[in-house]
Amino acid sequence: MKLQLALDLVNTQEGIELVKEVQEHIDIVEIGTPIVINEGLRAVKDMKAAFPNLEVLADLKIMDAAGYEVMKASESNADIITILGAAEDESIKGAVEEAKKQGKEILVDMMAVKDLATRAKEVDALGVDYICVHTGYDLQAKGQNSFEDLETIKGVVKNAKTAIAGGIKLDSLKEVVKVQPDLVIVGGGITGEDDKKAVASQMQELIKG
Ligand SMILES: O=C(CO)[C@H](O)[C@H](O)COP(=O)(O)O
């Protein structure tokens, strides 16, 4: 099981300082969608240059023109690129094809997918690397989480690795770990803590079991 630190509400330089504190406890750094909107793919390139030993995920949440966008993120040295599960199959196939050409991985974010089990099976058959259940900020604010959704995809996904994101904190991580996803994505659960290193270290301990 891997731990991904999601950076969203910071700029690249603040993100780099944050990763310095926790780098030995995480596997993947996410350049979140707000950072890409604010600063472009340069943020991905700068993060990978600062931490060549960590994987860097570009959270582009691609919906269209997938092959092109995966190509551009690859040129910026992203290791993993995200596309939405709600995208057309043609877009997801395009993303997978380009990622394979570039030696990269595709994570499908299932946010806002209504029939999760059916779509997870379909997306799994398209050769993606990760399928991620995700409660975004707008539904977290209404008290929702993705714990049951993780069990749903664990039951149907046969090829891809499984992942979970959205509001996971040290306390709730225990529940998540029981379901054994391949990847746990944590943003505010680390970045919002005073002692980020201590929290990341405890999370790593729980995850590596
Ligand atoms: O992609 C995102 C929001 O769309 C976040 O990166 C993801 O939800 C993880 O952050 P947090 O743990 O703070 O919810």
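Do any residues in the stretch 187-200 that are open to solvent by less than 30 Å² (accessible area, probe 1.4 Å) have Cβ atoms under 6 Å from those of residues that are within 11 Å of the ligand (Cβ to nearest atom), where the two are at least six apart or on different chains, and which pairs are they?
Partner pairs satisfying both residue conditions: G187/A6; G187/D8; G189/I168; G189/K169; I190/L5; V199/I190; A200/I190.
With the condition kept exactly as written, say whether any residue in the stretch 138-157 is closer than 23 Å to I31 by Cα, surrounded by fewer than 15 Cβ atoms within 10 Å (Cβ to Cβ), within 16 Å of the ligand (Cβ to nearest atom) and without any contact (Cβ under 8 Å) to a residue 24 or more places away in the chain.
Yes, the conditions are met somewhere in the stretch 138-157.
Return the total of residues in the stretch 143-167 being among the hydrophobic types (A, V, I, L, M, F, W, C) and in contact with a Phe, Trp or Tyr (Cβ under 9 Å, 6 or more places away or on another chain).
Qualifying residue count, the stretch 143-167: 3.
For A50, work out the one condition from (1) hydrophobic (A, V, I, L, M, F, W, C); (2) within 16 Å of the ligand (Cβ to nearest atom); (3) out of contact with any Ser or Thr (no Cβ under 7 Å at 6 or more places or on another chain) it doesn't fulfil.
(2)
What residue, among those in the stretch 158-186 that are more than 11 Å from the ligand (Cβ to nearest atom) and part of a helix (DSSP H, G or I), is surrounded by the most Cβ atoms within 10 Å (Cβ to Cβ)?
Ranking the qualifying residues of the stretch 158-186, first place goes to V176.
Could you run through the stretch 60-93 and say how many residues are open to solvent by 30 Å² or more (accessible area, probe 1.4 Å) and of a type outside the set (A, V, I, L, M, F, W, C)?
12
When you scan the stretch 12-59, how many residues do you find that are within 18 Å of Q204 (Cβ to Cβ), surrounded by 20 or more Cβ atoms within 10 Å (Cβ to Cβ) and among the charged types (D, E, K, R)?
Counting residues in the stretch 12-59 that are within 18 Å of Q204 (Cβ to Cβ), surrounded by 20 or more Cβ atoms within 10 Å (Cβ to Cβ) and among the charged types (D, E, K, R) gives 1.
Please give the number of the condition M71 fails out of (1) assigned to a helix (DSSP H, G or I); (2) closer than 29 Å to K197 by Cα; (3) not hydroxyl-bearing (S, T, Y).
(2)
Is at least one residue of the stretch 106-121 modelled with pLDDT under 95 and open to solvent by 40 Å² or more (accessible area, probe 1.4 Å)?
no
The values are calculated or read from the model by the stated rules, or taken from the named source; none is laboratory data. Predicted, not measured: the structure shown is a model, and the values here were computed from it. Every residue, glycine among them, receives a Cβ derived from its backbone with ideal geometry; neighbour counts consider all protein chains shown. Heavy atoms of the whole protein, side chains included, go into the accessibility calculation; ligands, DNA and RNA do not. Shrake-Rupley method; radii C 1.70, N 1.55, O 1.52, S 1.80 Å.
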